Amino acid sequence: MSKVHVYKRDHINTDEIIPARYLNTDDETELAKHCLEDLDVDFVNKVEAGDIIVAGEDFGCGSSREHAIWAIRGAGVQTVIAKTFARIFYRNAINNGFYVIESPEAIEKINNGDELEIDYKTGLIKNETAGIDIKFAPLPDFALEIIKAGGLLNKLVKNNH
Amino acid sequence: MGMTITEKILSRAAGKDKVTPGEIINAKLDVVMCHDVSTPPAISMLVEKGIDKVFDREKIIVTPDHFQPAKDIKSAELHKRLDEWTRRHKIKHYYKLGRVGVCHALLPEQGHIRPGEVIIGGDSHTCTYGAFAAFGTGVGSTDLAAAVATGELWFKVPASMKFILNGSLGSGVYSKDVILAIIARIGVDGALYRAMEFVGPVLASMSMEARMTITNMAIEAGAKNGIMGFDKVTKQYLDEHLKDKKDYTVYESDEDAEYVSVEVFDCSAIEPMVALPHLPSNGVPISECAGKEMDQAYIGSCTNGRIEDLRIAAEILKGKKVTIRTLVVPATPAIWKQAKDEGLFDAFYDAGCVIAAPTCGACLGGFMGVLAEGEKCISTTNRNFVGRMGHPKSEVYLASPATAAASAIQGKLADPRNYLE
Ligand code: SF4
């Protein structure tokens, strides 16, 4: 069971997720220390392995820095559920084998601290705290293939052998 | 049904007669741009997976520009990793300190951008290259790694939106004001996953420099790429800049190509614009925000650090004094030299500005002009997100070089038209 951190905001951008002043490294543990720092300084103290972020529209807009995914993943976050995602962030997530969920209604039906159970295959979020089910469209097949391989590069390596 | 220019370029790159929006394709890449933030992690991934190779040593352009000259030990290490890799694979186009500049200003200037080609870069503003009737889009490090090793990437073909730019620009109004007005209308996700295709008489009157300011900011509306048609201005720029490979294919949108939307702008009605914190879509006319006090002015970046931008700023600053700290950062060494040769540095120096070496630097809050808590900066860059240029409680106001120069003189947001005849 995973705990939720809700940010009722649209356009949470990559500068808020991992500020550019920390881009002089690509070390995931180092980046994770500053995850969401300019949005919520306290996030890194609250987050626990397996937790989930819920947000509004256009999550991850701005820069192409994959460091945003690494910071979030490094902090132990299991997935991000947003109304919509910015294009490059979404692509980076898939390429890293990090499953993100697009759901227009999640932000209305999930509150801070709620406990969720997610079935990624069928596309179902069970909000155990509120006792409601939220359906979502699972990722398309080509994306699932990349995620199953553990990311785009692993898939490349496999195809090469 | 016809195809848009974006669809035509992508279908050529995918080796197909036709592609349709939404379709997933595998496209061959013509140019891959690598800089100092996104590339070192890509290299590490390739090494770790045992696929440390490059698809074509002549099609990869290496531009360590973000923290250049190295701002600290960690960024020096990034440059070192990039340097070792570049040498190991004998990458042909490696721009080192002294020849390197802000990637998106450097690539066209050095003749690496050709119409009809597919260019990807480990940087979101790779969409800039669409000004040359090419497909340019930004990717993260994993995509970059795959691109470098294989010369191919998967893409979802974007649907196109058409932006018709009518009328003509008034005095003191520039391409930056046009793109800020467009983003103010459609929002920062108004073109999410789409191609933004710009057409219309206003473009015909713009230089390539001015056009690149528009396509540069397509990503600020969420777009996958921004694109423009080819004309005699494009041709002349290419004639002057292309070096090794001078041939290219020109694609045009068909009459009956399909667009998800068509937006018409009367550019004659556009005033100098300022995008207020903290979104590029918060653009308002200068008449609604003039007088707001600033602490710093920044003239530079891949959006507005080209020679034309520096000329516009120098024209306004000539014979005047700035009242706030003002940084002028020519985007490339060639621009730096040209500005010096044209005497623009005198205008900047006399006005009290500092002239820096080409770098991304302060644009991303890296170094060379970082803001303290509560400070406000009028900037010719493309992003004004929270903390973008420094402290999370600092503020960035986006505008044209003319508006930034006028504001530098007054120490507050100011209308550049007061300084032009
Ligand atoms: S100048 Fe700014 S926006 Fe452009 S590439 Fe550099 S950091 Fe990015």
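Each value in this text was obtained by applying a stated rule to the coordinates, not by laboratory testing. These figures come from a predicted structure and were not determined experimentally. With ideal geometry, Cβ positions are generated from the backbone for all residues, glycine too; neighbour counts draw on all protein chains shown.
With all distinct Cα pairs included, what does the Kirkwood hydrodynamic radius of the protein assembly as shown come out to in Å, to one decimal, could you say?
23.9
Could you please state, rounded to a whole Å, how far the C-alpha centre of segment B:288-365 is from the C-alpha centre of segment A:20-70?
Result: 33 Å between the Cα centres.
Rounded, prolate or oblate: which fits segment A:2-159 when a ≥ b ≥ c are the square roots of the eigenvalues of the alpha-carbon gyration tensor, with rounded for a/c under 1.5 and prolate only if a/b beats b/c? Don't skip to the answer; put the middle values down first.
On the way: a/c = 1.64, a/b = 1.08, b/c = 1.52.
Oblate shape, in that a/c is at least 1.5 and b/c is the bigger or equal ratio.
What's the FRET efficiency of residue A:122 with residue A:48 using the Cβ-Cβ distance as r and R₀ = 25 Å, to the nearest 0.05?
Computed FRET efficiency for residue A:122 and residue A:48: 0.45.
What percent do you get for the relative contact order of segment A:58-161 when only Cα pairs under 8 Å and 6+ apart count?
Details: 144 pairs, mean separation 24.5, N = 104.
For segment A:58-161, the relative contact order is 24 percent.
By how many nm would the segment from residue B:90 to residue B:28 lengthen if fully extended, with 0.36 nm per residue of separation less the alpha-carbon distance?
Full extension from residue B:90 to residue B:28 adds 20.2 nm.
Below 8 Å, C-alpha to C-alpha, sequence gap of six or more: please give me the relative contact order for chain B in percent.
18
Hey, got the dipole for the protein assembly as shown? About the Cα centre, +1 on K and R Cβ, -1 on D and E Cβ, debye to the nearest 20?
On the way: 65 positive and 79 negative charges, 283 e Å.
It works out to roughly 1360 debye.
Just the projected area, averaged over all directions, of the convex hull on the alpha carbon atoms of segment B:21-106: how many nm²?
7.0
Please report, in Å, the Rg and the Dmax of segment B:1-59, where both are computed over Cα atoms only.
For segment B:1-59, the Cα-based Rg and Dmax read 15.4, 46 Å.
Where in segment B:50-81 does the label zone of residue B:244 land, with the point 7 angstrom along Cα→C-beta and an amide N cut-off under 20 Å?
B:53-65
How would B:109, A:28 line up from fewest to most surrounding beta-carbon atoms within 10 angstrom?
By the 10 Å Cβ count, ascending: A:28, B:109.
So between residue B:1 and residue B:97, what do we pick up on full extension, going 0.36 nm a residue minus the alpha carbon distance?
Full extension of this stretch gives 29.7 nm more.
With viscosity set to 1.002 mPa s and temperature to 20 °C, compute the Stokes-Einstein D of segment A:81-161, Rh being the Kirkwood radius across alpha carbon pairs; µm²/s, no decimals.
156
Using just the helices of the protein assembly as shown, give the 222 nm mean residue ellipticity in deg cm²/dmol: DSSP H runs with n ≥ 4 each add -39,500 (n - 2.57), and the total is spread over all residues, rounded to 500.
About -8500 deg cm²/dmol.
Based on DSSP, what percent of beta bridges with both residues in segment A:2-159 are antiparallel, to the nearest 5?
If we restrict to bridges inside segment A:2-159, about 45 percent are antiparallel.
Over segment B:274-415, what is the relative contact order in whole percent, taking alpha-carbon pairs under 8 Å and six or more residues apart?
Taking the mean separation of contacting Cα pairs over the length of segment B:274-415, I get 35 percent.
Mean shadow of chain B, computed from the convex hull of its alpha carbons, in nm²?
That works out to 18.7 nm², a quarter of the Cα hull's surface.
Please report B:273, B:1, B:208 as a ranked list, fewest other C-beta atoms within 10 angstrom at the top and most at the bottom.
On the way: B:273 26, B:1 8, B:208 21.
With the fewest neighbours first, B:273, B:1, B:208 line up as B:1, B:208, B:273.
What is the antiparallel percent of DSSP beta bridges lying wholly in segment B:274-415, to the nearest 5?
The answer is about 20 percent antiparallel.
Kirkwood hydrodynamic radius of segment B:274-415 from all distinct Cα pairs, in Å?
Kirkwood radius, segment B:274-415: 14.4 Å.
Treating cross-link reach as a plain straight distance, find the aspartates and glutamates whose alpha-carbon is under 13 Å from the alpha-carbon of residue B:376, omitting any fewer than eight places away in the same chain.
Cross-link targets: B:293, B:295, B:395.
Compute the Rg to Rh ratio over segment B:128-236 from the alpha carbon atoms, using the Kirkwood formula for Rh, and round to two decimal places.
Rg divided by Rh gives 1.00.
Taking Cα centroids, how far is segment B:215-251 from segment A:84-101 in Å?
Value for the Cα centre distance between the two parts: 28 Å.
Suppose every Lys and Arg Cβ carries +1 and every Asp and Glu Cβ carries -1, with no other charges. What dipole size does segment B:252-334 come out with about its Cα centre, to the nearest 20 debye?
In debye, rounded to 20, segment B:252-334 gives about 1140.
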